[in-house]
Amino acid sequence: MSKIVVLDDNMINMIAAGEVIERPASVVKELLENAIDAGATKIVLKVEDGGRKLISVTDNGGGIDAEDVPKAFLPHATSKLKCRDDLFNISTLGFRGEALASIAQVSKTTLTSRTTDSIEANTISIDCGVKEALRPCSGDCGTTIEVRDLFYKLPARRKFLRTSNTEMTHITEHFTRIGLSHCNLDLTLIHNNRQLYKLGADQSRRKRIEELFSTQIAADLLETQSSERGVEITALLGKPCCSRGNNKFQYVFLNNRCIKDKFISHALKEAYRGLLEPNKHPIVFLFLEIDPADYDVNVHPTKIEVRFVNANLIHSQVLAVMREKLLSTNLDIKANLSSRPVVSVDAVDQLQTPEASRKERITAAMGDFFKNHKSGGSTQKPLGFGGSHRVGSNAAPSYERIPTIHSSGGHGTEIFTRPPAAMSPLPDFASEELERLPVSSASANFLQIHNSYIVMQTEEGFEIIDQHALHERIIYEEMAGKLNSGKLVSQRQLIPETFDVTADQKQAIESNLELIEKLGIELEPFGPSTMAIQAFPVMLEKVNPLEFVTNLLDKLCDKNLGLDAELLVHEVLDMAACKAAIKAGQPLSQSEMQQLLKDKETTERASRCPHGRPTTIRFTMSDLEKQFKRTGF
Ligand code: ADP
Ligand code: MG
């Protein structure tokens, strides 16, 4: 007996509606897009009860001819496509001809429209697919669509609707997307007779962001543009210090259509790599303009996804423009002092680090600094890698790139080994001691506190630098640079250390031979299940080779990490930099500090360590003046 039946039109429409109309926000999206496609310059969106009771959109666009009004509600009826070729060159937001049919199938819908050359308007009402006759009425040029009681005949669907507030959040999100991508439009959103947004026509993108998000977010954005190889990009980028816990503040628009694209998301993540702590997401507004023929928008019912003809090109252009901006901007954290008249831990709140102890340490260090700083110890240990230099001796400096120290060689030692309480606060210190240092005055005004932080006077105030974090970044970038252009220089081990390997580790070594070799590590079999470390990179001289190789193998074997080659290199460099960098608690000589600060200037992304934590916090004189109540508030 035959079991298959052909569904009637009503059922077909109902099923189709399910694809496009998921909740009130879907209706809002479709109606706003239709108004834009109709050439409207002013759109008013009114919502009641989170869109469950009413969604109404009024526009001043071109309107619909009387004879077309009933047609607009037929499935697959559109004025935006004429032939097959049009499908590959779409410049309107809609083109599938599904929205009105779907909406009218699952609600009580009324459309009233008047074209500019008509003396009257026409109106039609449709109740869950059942059309009433079209009738003339009075009305302004443009179109108003009212959608009431969404899903009222579909209890199963209505049951899925959330509270008015939740539905309103989704609606606001779609309104925001339209607002961001169509700054020329006059847009209003009213909920339960309360005006939530009134966006004026012809606003700048930054102004739109200010109105839709906040003044603070808008003010802090870095703006950049590029136009290369047929891809025009405007990006407004949040500074790393203003990052968020989720990626909701990332908007990508392609020819004014909001899209989600995995290539672009990846580029975005890459651009901020090393500038953000793990689990932090940047605020990004990205606007792309490309020829509609260079992508296919007909791959998703709500058109949120597209397929690029050349996704790699898009990826590389987006990454390039963002990185260039981020790397060329001073992203040091600006201190945010509280208004309390003490130097407070709030100063480092923007660190957004879970390590409360860091805050305490900085605060304590600051306190001590403004009191009489006590000596950090009488001996200067060498920096973390590179040699055996001791400040005060005539040996070559330990830090690979530190220039030979001036003949007296010991200002640092002199300063830090003076008896307790002999050191004056920064101004005296700067004038008495640093004047004699053979360095530029701009970079000479610094000192180390608690063997962990460098406080440096700047033109506008001062900075506190986390020596470990900064050194990590410097080593990371140096190693990354060397890996990019070849391999790290290695040094043969006098007595090669040996270690046992598991089958898994052997396999990991074999499949990552190229990386291991580039790192300047030479591993050789030393027995059936033993390997020897024959050579190790010079740059990691201070790192224990066995410990490093073991950790490296752990990373290579950890399939759970699921790292691609690029991420793996990042992880390994990250680990190497962390191990090789000078540690917190390690005293530094003046010249070592000076070199660190100098390297900071030439190192990319120096304001963040490879894990994305800040290396530097800036304080301005006005911050201090406020704290000391020297200025009005
Ligand atoms: P699509 O937008 O994909 O063409 P819709 O179902 O959303 O399909 O709309 C069907 C047609 O109705 C559109 O192609 C357009 O001609 C007309 N239309 C819909 N909304 C409006 C509007 N606000 N102003 C003018 N015409 C409209
Ligand atoms: Mg449409």
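The values are calculated or read from the model by the stated rules, or taken from the named source; none is laboratory data. Quantities reported herein were computed from a predicted structural model and do not represent experimental measurements. Positions of Cβ are backbone-derived with ideal geometry, glycine not excepted, and every protein chain shown enters the neighbour counts.
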- Determine which member of the set A576, A535, A581, A565 is small (G, A, S), out of contact with any Ser or Thr (no Cβ under 8 Å at 6 or more places or on another chain) and within 21 Å of Q493 (Cβ to Cβ). A576
- Item | Number of the condition not met by R135 [criteria: (1) touching a Ser or Thr at 6+ places or on another chain (Cβ under 7 Å); (2) within 16 Å of ligand 1 (Cβ to nearest atom); (3) without any contact (Cβ under 8 Å) to a residue 40 or more places away in the chain] | (2)
- Note on the structure: Among V57, V47, V27, V69, the single one that is touching a His at 6+ places or on another chain (Cβ under 8 Å) and modelled with pLDDT of 95 or more is V47
- Scanning the stretch 444-487 for residues that are acidic (D, E) and buried (at least 18 other Cβ atoms within 10 Å of the Cβ) gives E463, D466, E472, E477, E478
- Criterion (under 26 Å from the mean Cα position of the chain (by Cα), closer than 16 Å to A469 by Cα and part of a helix (DSSP H, G or I)) met by exactly one of L573, L567, L597: L573
- Message: Just to verify a result, which residue in the stretch 73-125, among those that are hydroxyl-bearing (S, T, Y) and not in a loop (DSSP other than H, G, I, E, B), is nearest to ligand 2 (Cβ to nearest atom)?
- Response: S102
- Task: Kindly indicate whether Q534 is in contact (Cβ under 8 Å) with a residue 24 or more places away in the chain and over 22 Å from E477 (Cα atoms).
- Result: yes
- Checked against (1) at negative phi; (2) over 30 Å from the mean Cα position of the chain (by Cα), G520 satisfies every condition except (1)
- Sole exception among (1) more than 12 Å from ligand 1 (Cβ to nearest atom); (2) among the β-branched types (V, I, T); (3) farther than 30 Å from R307 by Cβ for V106, by number: (3)
- Query: If you go through the stretch 206-236 one residue at a time, how many are touching a helix residue (DSSP H, G or I) at 6+ places or on another chain (Cβ under 7 Å) and closer than 28 Å to V47 by Cα?
  - Reply: 7
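Would you please name the residue that is farthest from D140 (Cα to Cα), looking only at residues in the stretch 33-55 that are away from ligand 1 (no atom under 16 Å from the Cβ) and in a loop (DSSP other than H, G, I, E, B)?
Filtering the stretch 33-55 down to residues away from ligand 1 (no atom under 16 Å from the Cβ) leaves 47-54.
With the extra rule that they be in a loop (DSSP other than H, G, I, E, B), the set shrinks to 52-53.
Working: R52: 26, K53: 24 Å.
The extreme case among them is R52.
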- Task: Select from the stretch 613-633 the residues that are surrounded by 17 or more Cβ atoms within 10 Å (Cβ to Cβ) and of a type in the set (D, E, K, R) and write down the one among them that is modelled with the highest pLDDT.
- Result: R618
- Output the residues belonging to the stretch 44-69 that are crowded, with 17+ Cβ neighbours inside 10 Å and either within 14 Å of ligand 2 (Cβ to nearest atom) or farther than 30 Å from R162 by Cβ (or both). V57, D59, N60, G61, G62, G63, I64, A66, V69
- Any chance S113 is free of Cβ contacts under 8 Å to residues at least 24 places away in the same chain, closer than 21 Å to D68 by Cα, in contact with a strand residue (DSSP E or B) (Cβ under 8 Å, 6 or more places away or on another chain) and within 16 Å of ligand 1 (Cβ to nearest atom): no
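Within the stretch 87-97, can one find any residue that is farther than 29 Å from D294 by Cα and either small (G, A, S) or near ligand 1 (Cβ under 6 Å from one of its atoms) (or both)?
Checking the stretch 87-97: not a single residue is farther than 29 Å from D294 by Cα and either small (G, A, S) or near ligand 1 (Cβ under 6 Å from one of its atoms) (or both).
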- Flag if T144 is of a type in the set (V, I, T) and either within 14 Å of ligand 2 (Cβ to nearest atom) or more than 28 Å from M11 (Cα to Cα) (or both): no
